[in-house]
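I have placed the structure first, in the form of structure tokens, so that the comments after it can refer back to it.
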Amino acid sequence: MTALETLGQIPRLDLRGFASPVQLLERFSQEIGVEVWCKRDDIGTVGLAGNKVRKLEVELAYALANGATHLVAEGSRLSNATRAVAAASAALGLKCTLLLCHDAPNEPVGNLMLDGLFGADMRFVGDISWHELGQRAESLVSELEQAGEKVYRLPIGCASERSCLGFALAYGELRQQMSQQGRTARTIVHASSSGGTHAGLVLGNALHGFESEIRGIVVAEDVYSDVVGTYLSFAQGGARLLGAQVALTRDHINITEDYLGEGYGLPLAGVYEAIDLLASKEGVVVDPIYSGKAVAAIVDLASKNELKGPVVFWHTGGYHAVFDPSYAKRIWSSIGRLATVTL
Ligand SMILES: Cc1ncc(COP(=O)(O)O)c(C=O)c1O
């Protein structure tokens, strides 16, 4: 069996029910002078979708096969990953405990409200480092196991060598959709932090003969001490699980921090203009934390003639952050034509 055939047969839950659509962003493309398509992973069935669902489809198939009754995940209190784990737990009838950095907020906003709605037990651990958070998660797992639970702990951002196979599969899904349109994605641009998305797309691309350039737009600083090395280890580990003979090196990891701006969740010049452009030209919503920074990168790279089309903007979800009051205010005030509307 070839590695691609093995990939096609890996145990996977169907948490989405359909292949996410890919659509040509016609007016956006005209505006920036490069042909851009959008892979709509913001659309889906479980817990407001997003890129984590693809990872969980593979990771949780493995967890269930190993008898898991209880999922544990850690992250920031606004994490899309922990929200996706909470939603998937509800969908699968599993218990879920989330270990969340920072203190409980005064208001139940955004993902935190959803975590509660999906029935997760939430534990707030204050402002601690990722390392300490990991240690607390280990203690939590022991506590739950002593109470008789069969625990499966998801890594930060649900990124692992196994979960990245969900994105290796996704690359094949996109390739087929683009080929039905008579196109090949020369460049794929996506927001990146824990690395599972990038590693999976890099692996999928490698398995299909390196047809595309995969460009990760880093949106969070210091996620790992060796970011490139960690991303690469996911992709190589995924290849190993498939028995694939692909020689992936650090050169295959193509990421940039040029669009991080002031940091995770903090401003980047051009991000609100990019959000406005995509929304007003296409009716597609991106947020200022993740996918908005990828769109800002596309606009900027196109203006510098550094983007080979057809480009696919991989919409990784997270759009509901625009309803967070602080972001909503900034989006509103940055859009000139709204300045005259009195609220
Ligand atoms: C909306 C959104 N886009 C992109 C990413 C980055 O994906 P990855 O963690 O696979 O690098 C995340 C991860 O938190 C996310 O929530």
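Below, the figures for the structure above:
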| read-out | value |
| --- | --- |
| Residues (in a strand (DSSP E or B) and not hydrophobic (A, V, I, L, M, F, W, C)) located in segment 41-91 | 70, 74, 75, 76 |
| Residue pairs meeting the criteria (Cβ under 6 Å; at least 6 apart or on separate chains; first over 14 Å from residue 100 (Cα atoms), in segment 128-154; second part of a loop (DSSP other than H, G, I, E, B) and not polar (S, T, N, Q)) | 150/67; 150/68; 152/68 |
| Complete set of residues in segment 192-225 that are under 24 Å from residue 131 (Cβ atoms), of a type in the set (A, V, I, L, M, F, W, C) and in a loop (DSSP other than H, G, I, E, B) | 219, 220, 223 |
| Residue among 95, 39 that is more than 16 Å from the ligand (Cβ to nearest atom) and basic (Lys, Arg) | 95 |
| Residues satisfying the stated conditions in segment 119-156, i.e. small (Gly, Ala, Ser), within 20 Å of residue 224 (Cβ to Cβ) and at pLDDT below 95 | 129, 134 |
| Residue list for segment 92-122, restricted to those being crowded, with 16+ Cβ neighbours inside 10 Å, touching a Phe, Trp or Tyr at 6+ places or on another chain (Cβ under 9 Å) and at negative phi | 94, 96, 99, 100, 101, 109 |
| Output for segment 92-106, where each listed residue is part of a strand (DSSP E or B), in contact (Cβ under 8 Å) with a residue 40 or more places away in the chain and of a type outside the set (Ser, Thr, Tyr) | 95, 99 |
| So residue 174, is it hydrophobic (A, V, I, L, M, F, W, C), over 19 Å from residue 22 (Cβ atoms) and buried (at least 19 other Cβ atoms within 10 Å of the Cβ) | no |
| Condition check for residue 234: among the aromatic types (Phe, Trp, Tyr) and touching a Cys at 6+ places or on another chain (Cβ under 8 Å) | yes |
| Unique residue being surrounded by fewer than 21 Cβ atoms within 10 Å (Cβ to Cβ), out of contact with any Cys (no Cβ under 8 Å at 6 or more places or on another chain), among the small types (Gly, Ala, Ser) and under 23 Å from residue 187 (Cα atoms) when the list is 265, 309, 292 | 309 |
| Helices (runs of 4 or more DSSP H) within segment 226-326 that include 2 or more residues of a type in the set (D, E, K, R) and in contact with a helix residue (DSSP H, G or I) (Cβ under 8 Å, 6 or more places away or on another chain) | 271-282 |
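The values are calculated or read from the model by the stated rules, or taken from the named source; none is laboratory data. Here the structure is a predicted model, which is why all the values come from computation and not from measurement. Note that each Cβ is placed from the backbone with ideal geometry, even for glycine, and that neighbours are counted across all protein chains shown.
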